[in-house]
Amino acid sequence: MTAAMIELDDGTRLRTWTTGPVTASQRYPVVTLHGGPGVPDYLAPVAGAVDDLCLVHRYDQRGTGGSPWEGEHALARHVRDLALLLDAWGHDRVVLVGHSYGTNLAGYFLLAHPERVAGLIQIAGPFLDPWREAYRAAERARRTDEQQARLEELDARESRTDAEEIEYLALSWHTDHADRARAWDWALASARTLRPVNYAMNAQLNAAKKTDPLESHLAELRDHLPPGAVIIGGAGDSRPADALRRLGTRLGCEVVIVPDAGHNPWLEAPDQFGAALRAAVERQPRKLG
């Protein structure tokens, strides 16, 4: 694995990682786009599932992890960041692999730069409305009354200690997992490592998504969708899998729903998810010549 800091046009430096074969390949490189928004990259297991097949790049989005930055977050800036990273890596075209919010970022990038997207694999998103009401209901059903009360108590505080922040994030994230016996341990592990959360970034980019929703661009997305595009979801995600199926129908792309998996399917069904992801990578277009 190669780690590198890449400087962008405004002086911001993004932390990146590259794995996979460095020799020439007929496969386009893969770039993973992590979710949040507002947390650092966590997609090393996803990259590790396919980096024997192709070159894989990961990065901390600006304002997260090892990519420190302060300022107003805009979708257009994050789209530009990705374009500049492709330039720095020397890639005209790549396969984008987004997860959660990262699927939205991939969609906005496809709209802005369709000529640079050779392939598209979306994991656990984006979701086609209506889905939020079902999502909130599933979240509430997966929390005890005591957990819900504690979450609301911590959420209302102007500041939290480090221990309280870890507890708050675990209470927020454990509903993502279908395996309820292991959900808390997974959420706690994420809460301990994916900090600090950039809450300003989260609020600004989520607001931007609502101002210019991907759903209003479905026809354009379908026109630009590269051949072989795939959506992969978990049957046990608190966000309804039917919303992914509806999107697949509207876009005309394959949807693979992994049984017994939640929002992070590589955790709960690593073999099934890995097989689905590898199959998706293998079906993406290859370089000519």
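Among residues of region 269-282 that are closer than 10 Å to residue 258 by Cβ, those with a beta-carbon under 7 Å from a residue that is of a type in the set (Phe, Trp, Tyr) and in a helix (DSSP H, G or I) at least six positions away or on a different chain give the pairs 273/266.
Restricting the first member to region 195-219 and to residues that are under 14 Å from residue 106 (Cα atoms), and the second to residues that are surrounded by 13 or more Cβ atoms within 10 Å (Cβ to Cβ) and charged (D, E, K, R), the beta-carbon pairs closer than 6 Å and six or more apart or on different chains are 218/250. Being closer than 21 Å to residue 116 by Cα, open to solvent by 10 Å² or more (accessible area, probe 1.4 Å) and either assigned to a loop (DSSP other than H, G, I, E, B) or modelled with pLDDT of 95 or more (or both): is that true of residue 76 here? It is true that residue 76 is closer than 21 Å to residue 116 by Cα, open to solvent by 10 Å² or more (accessible area, probe 1.4 Å) and either assigned to a loop (DSSP other than H, G, I, E, B) or modelled with pLDDT of 95 or more (or both).
Return a yes/no flag: does region 89-98 have any residue that is open to solvent by 20 Å² or more (accessible area, probe 1.4 Å) and without any contact (Cβ under 8 Å) to a residue 24 or more places away in the chain. Yes. The combined condition, being part of a strand (DSSP E or B), touching a residue at least 12 places away in the same chain (Cβ under 8 Å) and either open to solvent by 10 Å² or more (accessible area, probe 1.4 Å) or within 24 Å of residue 284 (Cα to Cα) (or both), is not fulfilled by residue 83.
Could you list, in sequence order, the residues of region 7-36 that are surrounded by 18 or more Cβ atoms within 10 Å (Cβ to Cβ) and assigned to a strand (DSSP E or B)? Scanning region 7-36 gives 14, 15, 16, 17, 18, 19, 27, 30, 31, 32, 33. Could you list, in sequence order, all residues of region 168-201 that are small (Gly, Ala, Ser) and part of a helix (DSSP H, G or I)? Those that are small (Gly, Ala, Ser) and part of a helix (DSSP H, G or I): 170, 172, 181, 183, 187, 189, 190, 191, 200. Residues that are among the charged types (D, E, K, R) and over 24 Å from residue 218 (Cβ atoms) within region 124-143 comprise 139, 140, 142, 143, listed in sequence order. The criterion of at least 1 residues that are surrounded by fewer than 20 Cβ atoms within 10 Å (Cβ to Cβ) and not aromatic (Phe, Trp, Tyr) is met, among helices (runs of 4 or more DSSP H) falling completely within region 223-289, by 241-251, 270-283.
Just one of (1) surrounded by fewer than 19 Cβ atoms within 10 Å (Cβ to Cβ); (2) more than 17 Å from the chain's Cα centre (by Cα) fails for residue 44. It is (2).
Across region 102-146, the qualifying residues are those that are more than 20 Å from the chain's Cα centre (by Cα) and acidic (Asp, Glu), and the one among them that is surrounded by the most Cβ atoms within 10 Å (Cβ to Cβ) is 133.
The values are calculated or read from the model by the stated rules, or taken from the named source; none is laboratory data. Note that the structure is a prediction, hence the values are computed from the model and not measured. Note that each Cβ is placed from the backbone with ideal geometry, even for glycine, and that neighbours are counted across all protein chains shown. Protein only, heavy atoms only, side chains kept; ligands, DNA and RNA dropped before computing areas. Shrake-Rupley method; radii C 1.70, N 1.55, O 1.52, S 1.80 Å.
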